[in-house]
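Since the structure comes first, as structure tokens, the remarks are kept for the end.
The values are calculated or read from the model by the stated rules, or taken from the named source; none is laboratory data. Note that the coordinates shown come from a computational prediction; the quantities given were computed from them, not determined experimentally. In this analysis, Cβ positions are derived from the backbone assuming ideal geometry, glycine residues included, and neighbour counts consider all displayed protein chains. Note: areas computed on protein heavy atoms with side chains; ligands, DNA, RNA excluded. Shrake-Rupley method; radii C 1.70, N 1.55, O 1.52, S 1.80 Å.
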Amino acid sequence: MITLLYLARYALRDLAGKKIRTGLTVLGISIGVASLVSLFIVSLGMRVRVESEVNTLLGSSIIVRTKNSEPMSIYVVHLLSRIPGVERAVPVIIGSGRVESSNAFILATPIEEIQAFQKILSGSSISSPNAPECIMPEESARRMGVSVNSTVRVITSYVQEGASLKVVGFSEVGGLFQAALAGPASVVAVSLEQGEKLLNKRGLADMILIRVYNSSVMSSVVNAIRATYPNLSVSTEEDVLNQAQSILNTIDAVIFTISAISIVVAGVGTMNSITMSIREKIREIGVLKSIGASPLQVLYIFLAEGLILGVLGGLLGAALGTGLGYVTVVHVLPNMFRFQINLPFIVSYEPVLNGLLIAVTASFLSSLLPSLNASKIRPVEALRYE
Amino acid sequence: MSSPALECRDVSKTYVMGRDIEVKALKNVSLRIEKGDFVSIIGPSGSGKSTLLHIAGTLDKPTSGKVLIDGVDVTGLSESQLSVFRKNKIGFIFQFFNLLTNLSALENVMLPMLLSKRYTAKEARLKALYLLRLVGFQEDRLKNTPNRLSGGQQQKVAIARALANNPAYILADEPTGNLDVSSSAEIVTILRLLNGFGNTIIIVTHNVELTKVTNRVLFMNDGHIYEEAPRSFLDSVPMEDESTMLKKKIQLDLLKLEKENVERLFKSRAISGETYEKALKSIEEKEARVKQ
């Protein structure tokens, strides 16, 4: 043990003696690790954000659509609300149109349900089902230069002349519809009755949101709908999450591939560094062997050099990556694009540990071959080497 | 009767350098060195000294024959068995000191003890300190790395290192070859003293001076080892023959070339008349000597 400690110290001093090369190699490794860690942090933020989003919006709700995505009769709402365990079935109409000459989605629900889709930040909710009023996300409103209590013109393919709606409140950006529809587009929330007029969907619903009394009856309700109405598609929070998960998993795979390439590059850099080190030290290897160092002990010295580089690179990379992840999540993503991406910044031991582990493994593997060669150098030849 | 420190029986070593070229570095060398001996092996370059040293140090294996160190036949041992053997039985001293540059003087001496795993760090440190005192190393430089030590100081560290694991013998390869006169004298004195304390020492050198301090001198020439100095190879060289006549002619041609060069330089005014005269005179003097 003491012997190994001394040999490690020898390796450390060897590295310390070549500061520039050591520094550059460590930097090379740390770039790979930093990219891995920072991308991992962004991905983790996305996961947490998506989960909480789906959870708050859907909770113990069930989304029902037709399998061919055609609108269904509002009558289905009444049928579904009769299934035991169902607290309420809410019809939703979705369509597209133009608001003040920008494209927007129109979302219509019974007015008492609007808050469930779009959390109102300022102003009030729609006063009555037939009032010509709407709610917009603050972001979209700001872009269009619309303020609370001003009037916007909403045009759809059915109402060419358009309808003037008063903006009574601003809602939060995001929400289920942003996730379900298209992300950044503007959303205008109106009452179900306004929606029927604007989108010409009288007596129809594009989807029905079902709230159950409690989550324990969830699966029995889902099964009952599936059994009774085979041409309806049913999705629960879990289904939506699974879909989102599979997208996020693909993103993770891409992240991993990018990072893997940079780690391989770092590994080649380490290999180069260790090979150079051995070449310079060939005479010393001869001396070490002549004073009785075994091939294993020589192997150990250069593996230790590789490992030290890996640990230093891993630590630096983890720190840089965490910093980069922070800057990306907190400063870049919310401001860089036309729409805001607000992700939580989560420092977790997992990406840091992974980065460190990968750096150490990569540098271990890449120093293995040159170190093995070093351990096999015959002392006579090494001593003769100038 | 105890076994000798080193015994070589009919040891031969042939190097194969590419196709069809073989160099016989050692030819049936038999040798016996007793414990407590102080032996020098002297011979010109290419006589097989270094090969014998490497084989005696288990750094190389003989092509045929047997090597016994402290009564143990090492001929058939594997590379890692040899490393264990080398660590415990052999101390090396090299012409270029060969200390480990990253380690301090003290650590250099400690390392073989730590590698052997027989000593704790504390024991190794204490023993290294004593050994360095024994060889007269300046104690205020214990923490210096080799590049901050003089050649003589470095060689003292190397000697202390060679003694670290109580070897069966110390092999010294031109131990004074890279030292000035006073350092050389100091190192020789130390080696002699250590031999007086019972250490077996084998010096390999081509410096005749060094053989004066050893108890026994072995001569090497052309892969053979002799107890008595072989007849000088110079005795067999005739002073004048056809080849010398040829060389004389070549030398004269060379001087003629030089003369032409100097004349051209003078004509093109690259050199002054004075320089020209001087150069010409020197060339003519040389010509006269060759013709003699």
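Residue check: residue B:58 meets all listed conditions (1) touching a Leu at 6+ places or on another chain (Cβ under 7 Å); (2) β-branched (Val, Ile, Thr); (3) at negative phi but one, namely (3). Pairs are defined by a Cβ separation below 7 Å, a sequence spacing of at least 6 or placement on different chains, a first member in the range B:26-53 that is touching a residue at least 12 places away in the same chain (Cβ under 8 Å), and a second member that is assigned to a loop (DSSP other than H, G, I, E, B) and of a type in the set (Ser, Thr, Tyr); the pairs so defined are B:33/B:200; B:35/B:2; B:35/B:200; B:36/B:200; B:37/B:200; B:38/B:214; B:39/B:214; B:40/B:214.
Annotation: residue A:305 fulfils all but one of (1) more than 16 Å from residue A:28 (Cα to Cα); (2) open to solvent by less than 20 Å² (accessible area, probe 1.4 Å); (3) within 14 Å of chain B (Cβ to nearest Cβ); the unmet one is (1).
Inspection of the range B:173-188 identifies at least one residue that is more than 14 Å from chain A (Cβ to nearest Cβ), farther than 15 Å from residue B:41 by Cβ, touching a Pro at 6+ places or on another chain (Cβ under 7 Å) and open to solvent by less than 40 Å² (accessible area, probe 1.4 Å).
Residues in the range A:230-245 that are over 24 Å from residue A:108 (Cα atoms) and either open to solvent by 80 Å² or more (accessible area, probe 1.4 Å) or in contact with a Leu (Cβ under 8 Å, 6 or more places away or on another chain) (or both): A:230, A:238, A:242, A:243. Residues of the range B:260-281 that are under 30 Å from residue B:244 (Cβ atoms) and either in contact with an Asp or Glu (Cβ under 6 Å, 6 or more places away or on another chain) or open to solvent by 50 Å² or more (accessible area, probe 1.4 Å) (or both): B:260, B:261, B:263, B:278, B:281. Count of the range A:101-115 residues, restricted to those that are free of Cβ contacts under 8 Å to residues at least 60 places away in the same chain and at negative phi, is 2. Here is a check on your reading of the model: is residue B:199 away from chain A (no Cβ under 14 Å), assigned to a helix (DSSP H, G or I), in contact with a strand residue (DSSP E or B) (Cβ under 8 Å, 6 or more places away or on another chain) and open to solvent by 10 Å² or more (accessible area, probe 1.4 Å)? Criteria not met by residue B:199. Examine the range A:225-247 for a residue that is free of Cβ contacts under 8 Å to residues at least 12 places away in the same chain, within 30 Å of residue A:307 (Cβ to Cβ) and not charged (D, E, K, R), and state whether such a residue exists. There is no residue in the range A:225-247 that is free of Cβ contacts under 8 Å to residues at least 12 places away in the same chain, within 30 Å of residue A:307 (Cβ to Cβ) and not charged (D, E, K, R). The set of residues in the range A:7-19 that are within 7 Å of chain B (Cβ to nearest Cβ) and open to solvent by 30 Å² or more (accessible area, probe 1.4 Å) comprises A:13, A:17. How about the range A:32-45: which of its residues are in contact with a helix residue (DSSP H, G or I) (Cβ under 6 Å, 6 or more places away or on another chain) and of a type in the set (A, V, I, L, M, F, W, C)? Those that are in contact with a helix residue (DSSP H, G or I) (Cβ under 6 Å, 6 or more places away or on another chain) and of a type in the set (A, V, I, L, M, F, W, C): A:33, A:34, A:36, A:37, A:39, A:40, A:41, A:42.
Would you say residue A:30 is closer than 30 Å to residue A:322 by Cβ, open to solvent by less than 20 Å² (accessible area, probe 1.4 Å) and modelled with pLDDT of 90 or more? So residue A:30 passes the test.
Does the range A:261-281 contain at least one residue that is within 18 Å of residue B:108 (Cβ to Cβ), in contact (Cβ under 8 Å) with a residue 60 or more places away in the chain and assigned to a helix (DSSP H, G or I)? No: zero hits. Taking first residues from the range B:213-228 that are without any contact (Cβ under 8 Å) to a residue 60 or more places away in the chain and partners that are of a type in the set (Phe, Trp, Tyr), the Cβ contacts under 6 Å between residues at least 6 apart in sequence or on separate chains come to B:226/B:219.
The residues of the range B:68-85 that are crowded, with 23+ Cβ neighbours inside 10 Å and modelled with pLDDT of 90 or more amount to a single one, B:69.
Among residues of the range B:140-157 being assigned to a helix (DSSP H, G or I) and open to solvent by 40 Å² or more (accessible area, probe 1.4 Å), the one that is farthest from residue B:178 (Cα to Cα) is B:140.
Looking only at the range B:202-217, residues that are in contact with a Gly (Cβ under 7 Å, 6 or more places away or on another chain) and either small (Gly, Ala, Ser) or surrounded by 18 or more Cβ atoms within 10 Å (Cβ to Cβ) (or both) come to 0 in all. When the test is whether a residue is closer than 22 Å to residue B:36 by Cα and more than 16 Å from the chain's Cα centre (by Cα), residue B:146 does not pass it.
Does residue B:204 count as more than 14 Å from every other protein chain (Cβ to nearest Cβ) and touching a Lys or Arg at 6+ places or on another chain (Cβ under 8 Å)? Against the criterion (more than 14 Å from every other protein chain (Cβ to nearest Cβ) and touching a Lys or Arg at 6+ places or on another chain (Cβ under 8 Å)), residue B:204 does not qualify. Checking each residue in the range A:251-280 for being buried (at least 24 other Cβ atoms within 10 Å of the Cβ) and within 14 Å of chain B (Cβ to nearest Cβ) picks out only A:277. For the range A:319-386, the helices (runs of 4 or more DSSP H) that sit wholly inside it and include 2 or more residues that are buried (at least 20 other Cβ atoms within 10 Å of the Cβ), within 14 Å of chain B (Cβ to nearest Cβ) and not polar (S, T, N, Q) are A:379-384. Among the residues here, residue B:38 does not qualify as within 14 Å of chain A (Cβ to nearest Cβ) and open to solvent by less than 40 Å² (accessible area, probe 1.4 Å).
Strands (runs of 3 or more DSSP E) fully within the range A:47-112 that include at least 2 residues being under 15 Å from residue A:203 (Cβ atoms): A:86-99.
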